[in-house]
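Student: Quick one: structure below, then a few questions.
The values are calculated or read from the model by the stated rules, or taken from the named source; none is laboratory data. Note that the coordinates shown come from a computational prediction; the quantities given were computed from them, not determined experimentally. In this analysis, Cβ positions are derived from the backbone assuming ideal geometry, glycine residues included, and neighbour counts consider all displayed protein chains. Heavy atoms of the whole protein, side chains included, go into the accessibility calculation; ligands, DNA and RNA do not. Shrake-Rupley method; radii C 1.70, N 1.55, O 1.52, S 1.80 Å.
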Amino acid sequence: MRVVLLGPPGAGKGTHAARVAGEMSVPMVASGDLFREHQKNDTSLGRLARSYMERGVLVPDQITIDMVMDWIVKNENKGGFLLDGFPRTLTQASALEESLGAGSGIDRVLYIDVPIKVLIRRLSGRQVCGSCQSIYHLEFSPVKSIGECDNCGGGVYQREDDKKESVLRRLEVYRTETEPVIEYYRNLKILVDVDGDNDVKDVEMTLMEAIKS
Ligand SMILES: [Zn+2]
């Protein structure tokens with residue numbers, strides 16, 4: 001079974017991806033991990049990607065697609081796969097479908113949907129420890145002593161990316177880039193909507209049901 005997990009930033013994809021892949025007994029990957037791996041191993045794709053990043057230019061979709069396809073080929077015969085947060089754009093989605101070939105495309109797309117108000121609340125409350133990188137949340141999992149990490153006593157702060165203006169920008173990029181992908185899969189009738197504005201346990205249960213149905 002070939003599954004794609006999609007959802008806006010703050011929907012909890014990272015939390016759920018590993019559990020769902022584990023339940024399905026298939027390998028999983030996020031495109032961000034592939035980028036880091038290719039950089040680390042200094043592959044030709046990694047070098048190509050870096051040449052764009054160094055010029056401050058957006059890495060073309062084709063490079064991301066090549067990395068994902070390379071990973072899929074290496075992991076075939078494992079009963080399927082789970083892609084976490086990929087494809088992000090319509091170009092990536094149609095290229096993926098084309099690369100996979102007729103009859104072996106994506107079987108199911110799990111879309112974790114969360115209202116924008118909830119996403120803003122979740123994302124803009126995040127704090128991180130500068131020393132041990134523990135993650136906190138001002139509202140949902142605050143540190144015991146203000147400004148101090150529970151684990152190591154280091155200073156906690158808000159990442160640039162998690163400030164309200166950045167959060168709004170990230171959600172806007174998501175809306176323009178990825179919402180067409182949702183519609184693309186919805187038209188293929190392989191998309192399952194999962195209500196992500198729920199308890200982590202409930203969301204997980206709905207995801208498990210969606211892959212079994
Ligand atoms: Zn810490």
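Student: Give, in nm to one decimal, the length gained when the segment between Glu172 and Ser213 is fully stretched (0.36 nm per residue of separation minus the Cα-Cα distance).
Tutor: Result: 11.5 nm gained on full extension.
Student: Can you pull out the trypsin sites (Lys or Arg not before Pro) in the range 120-151 whose DSSP state is coil and whose Cβ has at most 16 other Cβ atoms within 10 Å? Don't skip to the end; give the middle numbers.
Tutor: Details: sites: Arg121, Arg122, Arg126, Lys144; in loops: Lys144.
When the trypsin sites (Lys or Arg not before Pro) of the range 120-151 are filtered for loop state and at most 16 Cβ neighbours within 10 Å, Lys144 remain.
Student: Same structure again: Quick one: accessible area per residue over the chain, 1.4 Å probe, rounded to a whole number of Å²? Intermediate values should be presented prior to the final figure.
Tutor: Details: 11560 Å² over 213 residues.
Here the per-residue accessible area is 54 Å².
Student: When the dipole is taken about the Cα centre of the chain, and only Lys, Arg (+1) and Asp, Glu (-1) are charged at their Cβ, what size is it in debye, to the nearest 20?
Tutor: Dipole of the chain, to the nearest 20 debye: 300 debye.
Student: Turning to a different aspect of this structure: Roughly speaking, to the nearest percent, how much of the chain's 1.4 Å accessible area is carbon and sulfur?
Tutor: On the way: 5840 of 11560 Å².
Carbon and sulfur atoms account for 51 percent of the accessible area of the chain.
Student: Modelling each spin label as a point 7 Å along the Cα-to-Cβ direction, I'd like the His137/Asn151 distance in nm, to one decimal.
Tutor: 1.7 nm
Student: Using a 1.4 angstrom probe on the protein heavy atoms only, line up Met1, Met69 by accessible area, largest first.
Tutor: Result, largest first: Met1, Met69.
Student: Also, I was wondering about something else. Can you list the HN-Hα couplings for the range 137-146, worked out from phi with the Karplus curve (6.51, -1.76, 1.60; θ = phi - 60°), rounded to whole Hz and with x for Gly and Pro?
Tutor: Values per residue, Gly and Pro as x: 9, 3, 9, 8, 8, x, 5, 6, 10, 3 Hz.
Student: List the longest stretch of the chain that has no exposed loop site; here a site is one of the GluC sites (Glu not before Pro) assigned by DSSP to anything other than H, G, I, E or B, with at most 16 other Cβ within 10 Å.
Tutor: 1-75
Student: How many Lys pairs in the chain lie less than 23 angstrom apart by Cα atoms, where the lysines are 8 or more positions apart or on different chains?
Tutor: 15
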